[in-house]
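The values are calculated or read from the model by the stated rules, or taken from the named source; none is laboratory data. Source: prediction; values computed, not measured. Because the Cβ atoms are built from the backbone with ideal geometry, glycine has one as well, and the counts that use them run over all protein chains shown. These area figures cover heavy atoms from the full protein model, side chains too; ligands, DNA and RNA do not enter into them. Shrake-Rupley method; radii C 1.70, N 1.55, O 1.52, S 1.80 Å.
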Amino acid sequence: MDFQIYGFTNLFLFTITLFFTITSATFQENPKSPISTVPQINSNSILVALLDSHYTELSELVEKALLLQTLEEAVSKHNITIFAPKNEALERDLDPEFKRFLLEPGNLKSLQNLLLFHMIPTRIVSKNWPARGRVHSTLYAGEENVLQISEKKTEKSVSSAKIIKQDDIVKPDGIIHGIERVLIPKSVQQNFNNRRSLRSISAVIPEGAPEVDPRTHRLKKPVAVPAGAPPVLPVYDALAPGPSLAPAPAPGPGGPHHHFDGESQVKDFIQTLLHYGGYNELADILVNLTSLATEMGKLVSEGYVLTVLAPNDEAMAKLTTDQLSEPGAPEQIMYYHLIPEYQTEESMYNSVRRFGKINYDTLRLPHKVVAEEADGSVKFGQGEGSAYLVDPDIYTDGRISVQGVDGVLFPLEEIKAAPIAAPVAKVVSKPRRGKLMEVVCGTMGSFAFASCH
């Protein structure tokens with residue numbers, strides 16, 4: 001029994017000894033555990049100083065070029081000297097087309113090569129500047145990757161760039177000198193020239209603008225318009241002489257292929273006005289009193305877009321008989337509320353906030369309607385004849401936009417020429433549909449015309 005215990009003890013001691021022998025051999029082979037191979041950069045590094053310096057354009061390009069890790073590895077091995085172009089050289093003096101070329105995602109290598117061409121893997125301070133000139137290799141690994149460093153009459157230069165700030169930033173692992181211009185390696189310049197070469201650009205035969213016959217308001221030569229494209233004929237030439245609109249003669253998208261159904265869109269926005277409430281008088285003018293609804297549908301079918309400034313019923317009730325008695329007066333009033341472009345409440349408000357006053361063209365040539373910001377909204381017109389945007393985006397479908405306003409707009413010339421009438425007490429009556437139609441029919445009856453229904 002003593003022998004068995006003694007043998008077991010020897011075996012146990014042998015196992016422990018073997019384990020420690022193998023472990024010590026392993027630590028001798030790997031005295032340092034490779035926890036991290038990434039070089040550590042402290043806050044006093046030249047790279048940190050570059051990113052925090054006044055060379056903002058250069059530091060921004062270094063980050064966009066994804067060069068930080070490459071430069072950290074270079075700084076961990078040796079000192080570097082950076083020739084930093086001034087901000088104006090990269091922002092204003094550099095060719096905009098060349099800068100756009102560098103910032104394209106497909107040209108990342110060219111951007112990296114250009115930046116590395118401004119850095120050399122050695123430390124050069126101003127007091128040790130070579131007087132007779134010396135060639136130094138850069139961190140750029142391509143052909144002709146050297147810079148000529150020289151000094152003439154106390155004027156230091158690197159290749160073709162003058163040193164304007166010597167020893168601008170000095171750190172233990174590097175130094176930065178300011179230079180007046182950007183150094184461009186030949187390979188990067190060659191890549192840019194190849195991209196800009198006319199051989200890689202498809203030529204386009206120049207064509208003149210379509211000619212419009214001033215007598216017929218039609219195109220002298222037919223022009224093919226792609227589906228969905230805006231019409232070639234200006235919207236003003238699509239207006240026939242007189243108070244009514246004529247179908248646009250241009251072969252627009254709404255021609256034989258009917259890409260736009262303008263009549264249905266106009267019908268939808270008029271029904272929206274009726275369901276919205278408070279805009280029945282305007283709907284009567286568009287449908288019953290005039291043929292504007294049909295004519296607007298034809299314009300939209302031809303590819304034109306419209307923004308309608310829609311006066312509400314309270315504003316329309318203020319119109320007098322004199323303002324509606326002239327032939328074509330309702331049409332002229334509505335023309336001044338039609339803008340031949342697509343605008344929403346957001347787009348108009350942003351425009352007046354940014355630019356102050358905006359002059360929008362109208363279908364009543366040559367008059368324009370003025371818009372400006374007032375009380376957090378958009379105000380149209382000037383003086384007493386102004387109106388505020390009170391019901392935004394009543395109807396928007398990408399072709400027709402309807403914006404509700406609280407007044408009827410007139411051109412400034414008509415407001416100045418209108419006689420000042422004595423104030424009349426307003427009789428409040430229940431609003432009902434078709435009031436303006438009755439006013440015009442009564443006016444026609446006074447001239448011995450048959451009454452209209």
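Hey, what's segment 290-409 come to in accessible area per residue, 1.4 Å probe, Å²? Write out the running numbers ahead of the final one.
Details: 4850 Å² over 120 residues.
Roughly 40 Å² per residue, with all protein chains present.
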Using only protein heavy atoms and a 1.4 Å probe, report how much of GLU373 is accessible, in Å² to the nearest 10.
70
Can you give me the three principal axis dimensions of segment 56-208 from its C-alpha atoms, in Å, biggest first?
64, 37, 28
Taking all protein chains in place and a 1.4 Å probe, what share, in percent, of the accessible surface of segment 346-388 do carbon and sulfur account for?
41
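Contact order normalised by length for segment 60-145, with contacts defined as Cα pairs under 8 Å and 6 or more residues apart; what percent is it? Each step should come with its number before you reach the end.
Details: 63 pairs, mean separation 28.9, N = 86.
34 percent.
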What distance in nm separates the simple spin-label points at ALA131 and LYS318, each placed 7 Å from Cα in the Cβ direction?
8.8
Could you state the principal axis extents of the C-alpha atoms in segment 61-128, from the largest down, to the nearest angstrom?
37, 26, 14
Distance between Cα centroids, segment 297-357 to segment 106-131: provide it in whole Å.
63
Give me the Debye-computed log₁₀ of I(q)/I(0) at q = 0.09 Å⁻¹ for segment 273-411, equal point scatterers on Cα only, no solvent, two decimals.
-0.24
With Kirkwood's inverse mean 1/r over C-alpha pairs for Rh, give me the Rg to Rh ratio of segment 105-146, two decimals please.
1.09
Over 25 Å (Cα to Cα) among LYS298/LYS318; LYS86/LYS152; LYS220/LYS298; LYS127/LYS162; LYS77/LYS99; LYS267/LYS379 -> LYS298/LYS318; LYS77/LYS99; LYS267/LYS379
